[in-house]
Structures are given as structure tokens and as C-alpha cells.
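K.L.:
One structure coming up, written as C-alpha cells, with questions to follow.
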Amino acid sequence: MSIKEIITYVLGFAGLILMCYVRMQFTKRQQAQPDNAYTKKEEIMHKIAIGLLGVAVVLALIPIY
């Protein structure tokens with residue numbers, strides 16, 4: 001297993017965990033006070049999660065010979 005694969009797996013896993021965490025926080029907050037909008041903190045974390053997943057996909061698509 002190469003370093004690139006390890007980094008890809010770690011970034012992908014971190015992105016998925018962060019995405020799930022943001023969604024759980026959003027759902028918990030919506031049960032208390034429904035407003036159907038992300039807070040600034042949730043929005044930033046959501047964008048970071050998408051970025052991590054994007055980098056993982058790009059790394060996965062780069063061929064190593």
C-alpha cells in the first residue's frame with residue numbers, strides 16, 4: 001500500500017465523518033428550533049468536508065505507475 005493510498009483513505013474517511021457530524025448537529029438543532037438553514041459554523045465545516053472528499057477523489061484518480 002502506497003503513501004498516496006493511505007492519504008486518500010484518511011482524507012476520504014475524515015471527510016465522511018465530518019459530513020456526518022455536521023448533519024447530526026444540524027438535525028439535532030432543527031428538532032429544537034426549526035429554521036432550515038445551516039449556521040455559519042456548520043456551513044464552514046460542510047465546505048471543509050466537501051473539500052476533503054474532493055481532494056480524496058482527485059488523489060484516487062491520479063495514476064501511479
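Where a number appears in this text, it was derived from the coordinates with a stated rule and is not lab data. None of the values given here were measured: they were computed from a predicted structure. As a convention, Cβ positions derive from the backbone with ideal geometry for all residues, glycine included, and neighbour counts pool all protein chains shown.
K.L.:
Rounded to the nearest 500, what is the 222 nm mean residue ellipticity of the chain from helices alone, with -39500 (n - 2.57) per DSSP H run of 4+ residues and division by all residues?
P.N.:
-28500 deg cm²/dmol
K.L.:
Rounded to the nearest 0.05, what FRET efficiency do Asp35 and Ile62 have when you use their Cβ-Cβ distance and R0 = 30 Å?
P.N.:
Result of the calculation: an efficiency of 0.15.
K.L.:
Could you check the simple spin-label distance between Ala14 and Met1, using points 7 Å along Cα→Cβ, in nm with one decimal?
P.N.:
1.6 nm
K.L.:
Could you give the dipole magnitude of the chain about its Cα centre, charging the beta-carbon of Lys and Arg +1 and that of Asp and Glu -1, in debye to the nearest 20?
P.N.:
Values: 7 positive and 4 negative charges, 31 e Å.
The calculated dipole for the chain is roughly 140 debye.
K.L.:
Would you calculate the separation in nanometres between label points at Gln25 and Lys47, each defined as 7 Å from the Cα along the Cα-to-beta-carbon direction?
P.N.:
Between Gln25 and Lys47, the label points sit 1.5 nm apart.
K.L.:
Just going by the charge dipole of the chain, with Lys and Arg at +1 and Asp and Glu at -1 on Cβ, which of Leu16, Phe26, Leu59 is farthest out on the positive end?
P.N.:
Looking along the dipole axis, the top candidate is Phe26.
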